[in-house]
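Take a look at the structure below.
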Amino acid sequence: MKEVRSLIGFNVLVEEMKERNSHLDDMDYVEMDLTEPMDLLDSDSFTCIIDKGTLDSVACSEQYSQRAKQMVENVHRILAPGGSYICVSYARPETRLIYLKDPNFKWKVDTNKIAKKSSIELFERLDQEQFYYVYICTKNY
Ligand SMILES: C[S@@+](CC[C@H](N)C(=O)[O-])C[C@H]1O[C@@H](n2cnc3c(N)ncnc32)[C@H](O)[C@@H]1O
């Protein structure tokens with residue numbers, strides 16, 4: 001396997017993940033704020049970036065709009081041509097595509113839905129979202 005890097009927001013998680021995955025080769029953990037300029041990481045250097053809940057988390061934080069925009073700009077910069085940013089989210093397209101579909105980005109965005117496992121009646125009763133969303137942004141060559 002080629003090197004896998006995990007970009008994590010908090011140091012305590014770096015230690016925990018190192019321990020939990022000590023049996024895996026080629027793993028590297030970096031503590032980093034994804035909403036700050038990420039000068040440590042080269043442009044066009046990641047073939048795949050998987051995000052489960054991080055953009056959601058940033059989009060719920062203070063100054064969410066500016067921070068989410070900066071995070072997605074960073075991801076776009078470090079993603080290699082032909083590579084994909086896979087963003088698993090609770091949020092509907094109208095609240096995520098505003099960040100992902102920036103005219104300056106050289107990528108194509110596909111939106112996918114995964115039904116949550118429960119009855120539609122229950123979701124309707126609780127007025128809850130019935131789907132998870134997976135946004136796949138594939139950078140042009
Ligand atoms: C909902 S949790 C998801 C964690 C993990 N991906 C999972 O699915 O179990 C959101 C994660 O986003 C990280 N996060 C939030 N803001 C961040 C930021 N500005 N930079 C880097 N990571 C951040 C948090 O540290 C947390 O681990």
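The values are calculated or read from the model by the stated rules, or taken from the named source; none is laboratory data. The structure displayed is predicted, hence computed values, not measured ones. We place every Cβ from the backbone using ideal geometry, glycine too, and count neighbours over all the protein chains shown.
Here residue 122 meets the list (1) among the aliphatic types (A, V, I, L, M); (2) over 13 Å from the mean Cα position of the chain (by Cα); (3) under 20 Å from residue 50 (Cβ atoms) almost entirely, failing just condition (3). Out of all the residues in region 15-36, which are within 13 Å of the ligand (Cβ to nearest atom), part of a loop (DSSP other than H, G, I, E, B) and exposed (fewer than 15 other Cβ atoms within 10 Å of the Cβ)? Within region 15-36, just 36 meets the criteria.
Return yes when residue 98 is at pLDDT below 95 and out of contact with any Pro (no Cβ under 8 Å at 6 or more places or on another chain) and no when it is not. It is false that residue 98 is at pLDDT below 95 and out of contact with any Pro (no Cβ under 8 Å at 6 or more places or on another chain).
Please tell me if residue 68 is assigned to a loop (DSSP other than H, G, I, E, B) and surrounded by 12 or more Cβ atoms within 10 Å (Cβ to Cβ). So residue 68 does not fit the description; no.
Considering 88, 75, the condition of being within 15 Å of residue 133 (Cα to Cα) and outside any loop (DSSP other than H, G, I, E, B) is satisfied by 88 alone.
If only residues of region 37-56 that are exposed (fewer than 15 other Cβ atoms within 10 Å of the Cβ) and near the ligand (Cβ under 7 Å from one of its atoms) are counted, the one that is nearest to residue 27 (Cα to Cα) is 52.
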